[in-house]
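Worksheet for the structure shown next.
The values are calculated or read from the model by the stated rules, or taken from the named source; none is laboratory data. Owing to the predicted nature of the structure, the values given are computational and were not obtained by experimental measurement. No Cβ is skipped: glycine too gets one built from the backbone with ideal geometry, and neighbour counts run over all protein chains shown. Heads up: the accessible areas ignore ligands, DNA and RNA and are worked out on the full protein's heavy atoms, side chains in. Shrake-Rupley method; radii C 1.70, N 1.55, O 1.52, S 1.80 Å.
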Amino acid sequence: MIEQDTIRLLRECDAGVQMGVSAIDEVLQFVRSDDMRTRLSACKREHEELGTQIRQSLDRYGDDGKEPNPIAKGMSWLKTNAELRIKPSDSTAAALVTDGCNMGVKSLNQYLNEYEAADEHSKDVAKRLIHLEEKLTADMLGYL
């Protein structure tokens with residue numbers, strides 16, 4: 001049970017990291033503020049670094065990881081592009097990022113509860129990802 005929950009939690013973290021990187025890429029092209037662009041780019045790098053660690057952990061279990069849900073990814077892309085084309089502003093981008101981070105934090109906490117038998121390393125990974133999302137939300141508050 002520990003190994004199954006560990007793999008499942010790591011898979012969800014993998015999908016979450018990919019979703020986060022993709023979402024940041026989508027909004028970056030619309031961001032005007034250099035400071036906001038710097039913050040988003042830094043968070044993207046941190047997500048990518050954590051993603052590499054997650055995939056290395058999954059490799060040890062012989063698992064390929066998990067792609068984000070294609071419907072969720074498509075809906076996110078559609079919402080982001082529609083809203084930013086209608087109202088292209090740093091405020092709109094910050095609101096979209098904040099909403100995405102909040103959904104990510106909620107999902108990751110649910111997975112932490114669902115996969116309670118996961119090992120401490122994978123729980124720590126999930127908590128680090130949650131922290132990244134919470135920090136990015138705080139960083140975006142000044143742009144809303």
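Protein chains only, probe 1.4 Å: how do D5, D34 rank by accessible area, largest first? Don't skip to the answer; put the middle values down first.
Working: D5 5, D34 115 Å².
Largest to smallest exposure gives the sequence D34, D5.
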Listed residue (L78, Q18, C43) projecting farthest to the positive dipole end of the chain, Cβ model
L78
Could you work out the relative contact order of the range 14-121, using alpha carbon pairs under 8 angstrom and six or more residues apart, expressed as a whole percent?
40
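Restricting to DSSP H runs of at least four residues, report the calculated mean residue ellipticity at 222 nm for the chain, -39500 (n - 2.57) per run over all residues, nearest 500 deg cm²/dmol.
Details: 5 runs with 117 residues, N = 144.
The helix-only estimate for the chain comes to -28500 deg cm²/dmol at 222 nm.
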What does the accessible area of I86 come to, in Å² to the nearest 10, when a probe of 1.4 Å is used?
150
In Å², and per residue, what accessible area does the range 1-136 have when probed at 1.4 Å with the other protein chains present?
55
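Can you bin the range 13-91 into rounded, prolate or oblate? Criterion: square roots of the alpha carbon gyration tensor eigenvalues sorted a ≥ b ≥ c, rounded for a/c under 1.5, prolate for a/b above b/c, oblate for the rest.
Details: a/c = 5.43, a/b = 1.67, b/c = 3.25.
The shape class here is oblate.
Which entries in the list K87/K127; K79/K106; K87/K123 go over 28 Å, if you measure between the two C-alpha atoms of each? Each step should come with its number before you reach the end.
Details: K87/K127 34 Å; K79/K106 19 Å; K87/K123 38 Å.
The pairs that break the limit, which is 28 Å between Cα atoms, are K87/K127; K87/K123.
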What do you get for Rg/Rh over the range 74-129 if you use C-alpha atoms and the Kirkwood form of Rh?
1.17
Counting only backbone N atoms under 15 Å from a point 7 Å out along Cα-to-Cβ of L141, the residues of the range 94-108 in range are 95, 98-99, 102
Could you let me know the centre-to-centre spacing of the range 104-144 and the range 7-75, using Cα atoms, in angstrom?
12
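About the Cα centre, and with charges only on the beta carbon of Lys, Arg (+1) and Asp, Glu (-1), how big is the dipole of the chain? Nearest 20 debye, please. List each step's numbers first, then the result.
On the way: 19 positive and 26 negative charges, 111 e Å.
Computed about the Cα centre, the dipole is about 540 debye.
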What is the P(r) of the chain, as percent of Cα-Cα pairs per 5 Å bin from 0?
2, 10, 21, 22, 19, 12, 8, 4, 2, 0
